[in-house]
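First comes the structure, then the notes that go with it.
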Amino acid sequence: MAGELVKQRINKYEDGQKRKLVDLGQSKKSYRNILAYLEGEIKASTQMTQFNYKILCFKNDGVYQLNKSIEEVYGVSQGKGEEQMSGGQSNLEMVDVQLADGTRLKVPYGTISLPEAGPDASIKIQYDNNRNLLLVTGACEFRFTSMIDEIVEKTKTLLTTSSIYKNQAIELTNTYEPKIMNLSDIDKEFMVLSDRTEYDLKPLRARLTQSKRCLERGISLKYGCLMEGC
C-alpha cells in the first residue's frame with residue numbers, strides 16, 4: 001500500500017517537473033543553462049531535507065490523528081526502534097488511546113520509518129507536556145516534502161473535525177490529556193441547583209410550564225437568560 005501511494009506521488013512530482021522542462025525548452029535560455037538547471041534539480045530532488053512542525057493539541061488525540069494521517073497519505077507505516085548503547089534495538093513506545101465509542105487502541109509513538117521517502121527517512125513523534133504541543137520532526141528527500149506538509153495539514157483537520165474527544169464529557173486531570181467521563185449511570189433528568197439559581201430561573205420555568213397563563217396576563221413568552229457553570 002505504501003509503495004503504491006509513494007509511486008503515485010513520485011509520478012505526480014515528475015509530471016510537474018516535465019512540464020517545467022517543456023517550458024524551459026520553449027524559453028530563450030541557453031542549452032548550457034538548461035543542462036545546469038537539470039543537474040541542480042536532479043541533485044535537489046533526492047537531497048535529504050529536515051522538517052520540524054508543532055501542532056497544538058492534547059497528546060493522545062494528536063498521536064492518534066497523526067498516525068491516521070500517515071496511513072492515509074503515505075500508506076502503512078512501520079515503527080523504527082532506536083539503537084541502544086549495547087547495539088540492540090529498543091521497542092517502539094505505544095500510546096494507549098481510547099476512542100469516543102470506548103474502543104482502546106495501541107498507537108505508535110516515537111520514530112515512524114518512511115523507507116520509500118529516502119535513506120533513513122522518518123517521522124519522529126514527541127510531545128511537550130508543558131506547552132501542549134505535538135512535535136513532528138524528521139527527514140525525507142526534498143521531493144517528498146509536500147507529502148509531509150499534507151500529513152501535518154490532514155492531522156490538523158482531523159483534530160478539528162474528528163477529535164477523539166468530540167461530543168464527549170471530559171475531565172482535565174492534567175494539562176496535557178483529558179479523561180473521558182462515563183455518564184451512563186447519571187440520570188439525565190436530574191439537576192442540582194442552588195437556591196439562588198432556582199429563584200433566578202423562575203421567569204424561564206413559568207414561561208415553559210405556564211405558557212397559557214402568561215399569555216392571558218400579557219406576559220411575552222420571549223425570554224432569554226445566560227447560564228454558565230458545570
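Placing pseudo-labels 7 Å out from each Cα toward the beta carbon at R32 and T157 gives an inter-label distance of 4.7 nm. Rounded to the nearest 0.05, the FRET efficiency derived from the C-beta distance between R131 and T209 at R0 = 45 Å is 0.35. Extension gain for T197 to K124 (0.36 nm times residue separation, less C-alpha to C-alpha distance): 21.2 nm. Stretching the chain fully between K166 and S146 yields a gain of 4.3 nm (0.36 nm per residue, less the alpha carbon separation). Taking 0.36 nm per residue of separation and subtracting the current Cα-Cα distance, fully stretching the chain between Q50 and M94 would add 13.4 nm.
Taking 27 Å as the limit for the C-alpha separation, the pairs K179/K202; K54/K179; K18/K156; K54/K106; K20/K68; K54/K166 exceed it in the case of K179/K202; K18/K156; K20/K68.
Each reported figure results from applying straightforward, stated rules to the coordinates on display, with no laboratory input. Model, not experiment: these values are computed from the prediction. Every residue, glycine as well, gets a Cβ built from its backbone with ideal geometry; the counts of neighbours run over all protein chains shown.
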